[in-house]
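Data first, discussion second: the structure below is written as structure tokens.
The values are calculated or read from the model by the stated rules, or taken from the named source; none is laboratory data. What you see is a predicted model, and the numbers here were worked out from it, not measured in a lab. Methodologically, a virtual Cβ is constructed for each residue, glycine included, from the backbone with ideal geometry; neighbour enumeration extends over all protein chains shown. The area values use the complete protein model at the heavy-atom level, side chains included, leaving out ligands, DNA and RNA. Shrake-Rupley method; radii C 1.70, N 1.55, O 1.52, S 1.80 Å.
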Amino acid sequence: TAMEKPVIPTEEQLEILEYHFCKVNKHPDPTTLCLIAAETGLSEEQTLKWFKQRLAEWRKSEGLPSESGSVRD
């Protein structure tokens, strides 16, 4: 649907997502994404969407353009 709600993970899911985002990889590959999704109980689609949202926020906080393929962390 066009009007998809943002992913709102539970506190527990958020801890797992944040951990992976901050400590493991801001750009998880499909295998890692699958594992994170399994760990949180979210779908891979939701997990990917969360990472994209989180990355956009992170870029903004770092003063980077929100979409830039050339800048890897």
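Peptides 8-17, 49-58, 21-30 ordered by packing proxy, namely the average of other Cβ atoms within 10 Å per residue, highest first: 49-58, 8-17, 21-30. Solvent exposure of segment 11-55, expressed per residue, is 62 Å² of accessible area, with all protein chains present and a 1.4 angstrom probe. Taken along the Cα-to-beta-carbon direction at a fixed 7 Å, the label points for THR10 and ALA38 span 2.0 nm.
What does the charge dipole of segment 11-55 about its Cα centre add up to, to the nearest 20 debye, if the Cβ of each Lys and Arg holds +1 and the Cβ of each Asp and Glu holds -1?
Working: 5 positive and 8 negative charges, 56 e Å.
Rounded to the nearest 20 debye, it is 280 debye.
The accessible surface of segment 11-55, taken with every protein chain in place and a 1.4 Å probe, is 53 percent carbon and sulfur.
Residue separation times 0.36 nm, minus the C-alpha to C-alpha distance between TYR19 and GLU45: what's the value? Walk me through the numbers before you get to the answer.
Values: separation 26, 0.36 × 26 = 9.36 nm, distance 1.84 nm.
Between TYR19 and GLU45, full extension yields 7.5 nm more.
Across segment 44-49, computed HN-Hα scalar couplings (Karplus, 6.51 cos²θ - 1.76 cosθ + 1.60, θ = phi - 60°) run 4, 4, 5, 5, 4, 4 Hz from first to last residue, x flagging Gly and Pro.
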